[in-house]
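What follows is a short report on a single structure.
The values are calculated or read from the model by the stated rules, or taken from the named source; none is laboratory data. Quick caveat, the model's predicted, so the values are computed rather than measured. Ideal geometry is used to build each Cβ from the backbone, glycine not excepted, and the neighbour counts take in all protein chains shown.
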Amino acid sequence: MLTYTVSEITAIIGAGILQKAEDTPIEYLLLDSRKLLFPATSLFFALDGLHRSGKSFIDELYHKQVRNFVVGNEVSASFIAAYPDANFLAVEDVLVSLQRLSAFHRNRFDIPVIGITGSNGKTIVKEWLNQLLGNTYNIVRSPKSYNSQVGVPLSVWQMNPVHTLGIFEAGISRPGEMQRLQPIIRPNTGIVTFMGEAHAEGFTGMKEKIWEKLQLFRTTKKLIYCADDRLLHETLIEFRTQVNPQLELFCWAKGSPADLPISQVERRTDGSIVHTQLGNTAFHFFIPFTDEASVYNAITCCAVMLSMNIPPSSIPVWMSELKPVEMRLELKQGINQCAIINDSYSADVNSLGIALDFLQQQQQHTKKTVILSDLLQSGLPDEVLCSKIASILRHRKLHRFIGIGPVLSSHARLFDGVGKLDFFESTEAFLSNIHAMQFHDETILLKGARIFQFEKISKLLEQKLHETVLEINLNALRSNLKIYRNLLQKDVKLMVMVKAFSYGSGSFEIASLLQHAGADYLAVAYTDEGVELRKAGIRLPIMVMNTTMAGFDNLLHYQLEPEIYSFQILESFRYYLRQRQITRYPVHIKLDTGMHRLGFVEADIQKLSELLKDDDSFTIKSVFSHLVGSENEAHDAFTAQQAASFTQMADALESATKTPFIRHMANTSAIHRHPGLQMGMVRLGIGLYGVDDRLPLQNVTTLKTTISQLKHIRAGDSVGYSRRGVVSKDAVIATVRIGYADGYSRIFGNGNGKMLVNGELAPVIGNVCMDMTMLDITGIYANEGDEVIVFGEELPVKNLAQWAGTIPYEILTNVSQRVKRVYFEE
Ligand SMILES: *Cc1c(COP(=O)(O)O)cnc(C)c1O
């Protein structure tokens, strides 16, 4: 391990010394206070986030024993006076100094380093090269897809003398960014993966974007790419002439001249065979994948290996053993109300940290368990590695820890204080004891190196799924949340609507994420929904929109904040509170400015003011109203009228009660269409779940099912109840495992709806049944068991809404509770 002292780092990044304390060695670069593991040897870079300055975390970290900080020049002597025995390094730009430190570190190694850029497939190519070259090299690589301005420095910082090859990916979204990443990675070998049209925004065009990405290769010796992308090829030739004449190009292609010409890709049911030519010798290899993207990425990997002088004879064997890259952490329902996080992505110390973070965010069970195998290829002596793992685990409050493998087992004594302990020599030894171990009501993180075959454990712990699932992409949700946050004016609070199971996508799973991501408020429709969230450990304030007298006990017991929308509910709740001598209970006053659903109208304000004036039963947390047509230009005049009427009513209430409260009326569409109506808070709903064409949102939910049977039928035959689906020609019919009881409406019957079968749209034939639907897949290649997309990224909910003559809200919330939800992070 290479370490640096604080004074060395000061010199490397050219920092001024604001305050000097002990000159400690630094091992960890810390950017996120939640990821703190080793306070004594961490250096915190106070990077400003969207909503908090980096500086604002210093107090918390100092109290957790962090003593080394890099801060911006603006930090004053009086601010640091409160932290006497800490080092404070002052720099002009905190991010630049992080990048400079990492670039310095990189320069201390002269091992081969591969740099990967492109639009799609960077992480897959990196992970596959890791699988393919793992026996030849001791590899250091980006954890997950750490490829950003901060991800790259952190990835490169992991390099240490045991490594013999580095593989790092770099992604950019704006001009100028690659210039900054280049000196940090400084690749000798470069790879451009599929460029595609993805994310062209942020650039004036495709060419500018390619040119910018190529900046990573300013000093690179060899570059691997696909010459079928003509624009890429031409831009590369230009780049070589103008910027890096040393650059040797090595390309593969199907339809253009190439160093590695691909003559044919043969599809089989179990994989693909790629035929190519090496010099004058024909050469082929098999990969266990059939999709286009996998073939593309595998050929790229093959080209990389050839360019690294790996003997061609080893390539086919390794290629045939390629494993899918599970890049996501999945949260699944397990036996006995357990939740299972299965992380088979990789097994090293860094990714253990990432997985534990994900475990920590889960609020549904207080009991948390980790099942971990020996970590391989760490380059550290067993004893050191085990103390490191134990120390990481000790920082999280685990209920129990189960270590599997000879190394962990023989170092069991190092794990004191981690939780309840069990160790097993092998996965088999654990499996033969699993029934005695009694897993229930806990969240279990499973993390094992491939050879330990943890899939055998997950199979036993996971609940059997009805093969129709609703997948929820938590990263996409987070990204959408960020997009809306960026639209908020200063100091505007964010309430997120998680009513109706968060628009169908889940309850505590989504609320946990929102709580962690810093939402200010949650809102549900009914008291029961709020109770569920509290039981799952959600601590955010929760507004309940539709309260009834029967629910008062639960409101109080679970600290839920009711919406007061009528005199009747106001009086009865006040009576209830007074009887129990409760004062200042938080409530929200709903005003009706045109929706005519719930709320006080203008004529009520006088009386309402009187009632609230000298009353101490309530604390009015907020006063709000709902817009009826914020998404539609045609209603803009009405929206303005609603806003005016709201302001007038709220003003009157405020002058009567003489206490300030939050005002809010903006829903999703109003957040960006009427920024002037953001007031004190906004209420984000459908946009969080990815539905709003006006913003670059990511798809969050995917409803998937599978084919249970294929039928070949004759012209004139009919399909389904009442003989509604008659075919005029011979046809192939696929029966899929979803019906109206799952929320797939009968309206989609008889060609009104379509599903995606292996990338092609297939119409529904005949009536939709209760648990099944038949598709006409004539001409589409498919097998029994194949996955079918009902809606998702490639088939937006919006289209289904159009077919059914409804709105996306209804399609999303219709997905019935019988359909299992699976949550994942990429
Ligand atoms: C559902 C709801 C929202 C959110 O509306 P979206 O259009 O989904 O953003 C906001 N306010 C109230 C009162 C709601 O009931």
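Out of all the residues in region 502-519, is one or more within 13 Å of the ligand (Cβ to nearest atom), farther than 30 Å from E794 by Cβ and touching a Gly at 6+ places or on another chain (Cβ under 8 Å)? Before you say what the answer is, go through the steps one by one.
Going through region 502-519, the residues within 13 Å of the ligand (Cβ to nearest atom) turn out to be 502-505.
Then keep just the ones that are farther than 30 Å from E794 by Cβ; that gives none.
The answer is no, given that none of the residues of region 502-519 is within 13 Å of the ligand (Cβ to nearest atom), farther than 30 Å from E794 by Cβ and touching a Gly at 6+ places or on another chain (Cβ under 8 Å).
Any residue at all in region 166-189 that's more than 20 Å from A103 (Cβ to Cβ) and basic (K, R)?
No: region 166-189 contains no residue that is more than 20 Å from A103 (Cβ to Cβ) and basic (K, R).
Results for (1) more than 30 Å from D491 (Cα to Cα); (2) assigned to a helix (DSSP H, G or I); (3) of a type outside the set (A, V, I, L, M, F, W, C), shown as yes or no for each residue.
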| position | (1), (2), (3) |
| --- | --- |
| D23 | yes, no, yes |
| R52 | no, no, yes |
| V71 | no, no, no |
| F79 | no, yes, no |
| A82 | no, no, no |
| A103 | yes, yes, no |
| G115 | yes, no, yes |
| I124 | yes, yes, no |
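Do we find a residue being surrounded by fewer than 16 Cβ atoms within 10 Å (Cβ to Cβ), at positive phi and not in a strand (DSSP E or B) anywhere in region 558-569?
Scanning region 558-569, I find at least one residue that is surrounded by fewer than 16 Cβ atoms within 10 Å (Cβ to Cβ), at positive phi and not in a strand (DSSP E or B), so the answer is yes.
What number of residues in region 647-675 are within 18 Å of D491 (Cβ to Cβ) and among the aliphatic types (A, V, I, L, M)?
Matching residues across region 647-675 total 6.
Given the conditions (1) out of contact with any strand residue (DSSP E or B) (no Cβ under 7 Å at 6 or more places or on another chain); (2) at pLDDT 95 or above; (3) closer than 25 Å to T269 by Cβ, report the number of the one that I713 does not fulfil.
The failed condition is (1).
Of all residues in region 500-521, count the ones that are of a type outside the set (A, V, I, L, M, F, W, C) and closer than 21 Å to E471 by Cβ.
Step one: list which residues in region 500-521 are of a type outside the set (A, V, I, L, M, F, W, C), which gives 502-507, 509, 512, 515-516, 518, 520-521.
Applying the additional criterion that residues be closer than 21 Å to E471 by Cβ yields 502-507, 509, 512, 516.
Result for region 500-521: 9.
Could you identify the single residue in Q65, Q19 that is in contact with a helix residue (DSSP H, G or I) (Cβ under 6 Å, 6 or more places away or on another chain) and farther than 30 Å from A517 by Cβ? Can you show your working first?
Details: Q65 fails: farther than 30 Å from A517 by Cβ.
Of Q65, Q19, the one residue that is in contact with a helix residue (DSSP H, G or I) (Cβ under 6 Å, 6 or more places away or on another chain) and farther than 30 Å from A517 by Cβ is Q19.
Taking the options A656, A650, name whichever one is modelled with pLDDT under 95 and surrounded by 16 or more Cβ atoms within 10 Å (Cβ to Cβ). Please lay out each step first, then the result.
Details: A650 fails: modelled with pLDDT under 95.
Result: A656 is the single residue among A656, A650 that is modelled with pLDDT under 95 and surrounded by 16 or more Cβ atoms within 10 Å (Cβ to Cβ).
Mind checking which residues of region 576-592 are in contact with a helix residue (DSSP H, G or I) (Cβ under 8 Å, 6 or more places away or on another chain), away from the ligand (no atom under 16 Å from the Cβ) and within 21 Å of V524 (Cβ to Cβ)?
Matches in region 576-592: Y576, Y585.
Is it true that E234 is part of a helix (DSSP H, G or I) and either farther than 17 Å from Q179 by Cα or not polar (S, T, N, Q) (or both)? Reasoning before the result, please.
Details: part of a helix (DSSP H, G or I): yes; either farther than 17 Å from Q179 by Cα or not polar (S, T, N, Q) (or both): yes.
For E234, the condition - part of a helix (DSSP H, G or I) and either farther than 17 Å from Q179 by Cα or not polar (S, T, N, Q) (or both) - is met.
One residue is enough: does region 22-42 have a residue meeting the conditions touching a residue at least 40 places away in the same chain (Cβ under 8 Å), surrounded by fewer than 16 Cβ atoms within 10 Å (Cβ to Cβ), more than 30 Å from A519 (Cβ to Cβ) and in contact with an Asp or Glu (Cβ under 6 Å, 6 or more places away or on another chain)?
Scanning region 22-42 turns up no residue that is touching a residue at least 40 places away in the same chain (Cβ under 8 Å), surrounded by fewer than 16 Cβ atoms within 10 Å (Cβ to Cβ), more than 30 Å from A519 (Cβ to Cβ) and in contact with an Asp or Glu (Cβ under 6 Å, 6 or more places away or on another chain).
Could you list, in sequence order, all residues of region 542-554 that are in contact with a Ser or Thr (Cβ under 6 Å, 6 or more places away or on another chain) and away from the ligand (no atom under 14 Å from the Cβ)? Give the steps one after another, and end with the answer.
Of region 542-554, the ones in contact with a Ser or Thr (Cβ under 6 Å, 6 or more places away or on another chain) are 544, 549, 551, 554.
The answer is M549, G551, N554.
Among S669, S645, which is the only one that is within 22 Å of L522 (Cβ to Cβ) and surrounded by fewer than 21 Cβ atoms within 10 Å (Cβ to Cβ)? Explain how you work it out, then say what you get.
Working: S645 fails: within 22 Å of L522 (Cβ to Cβ).
Exactly one of S669, S645 is within 22 Å of L522 (Cβ to Cβ) and surrounded by fewer than 21 Cβ atoms within 10 Å (Cβ to Cβ), namely S669.
For a quick check of your reading: which strands (runs of 3 or more DSSP E) sit entirely within region 740-821 and have at least 1 residues that are among the hydroxyl-bearing types (S, T, Y) and buried (at least 17 other Cβ atoms within 10 Å of the Cβ)?
Working: elements: 754-757, 760-763, 773-776, 787-791.
Answer list for region 740-821: 773-776.
Please go through region 463-512 and pick out each residue that is surrounded by fewer than 23 Cβ atoms within 10 Å (Cβ to Cβ), of a type in the set (S, T, Y) and not in a helix (DSSP H, G or I).
Selection gives S507 alone.
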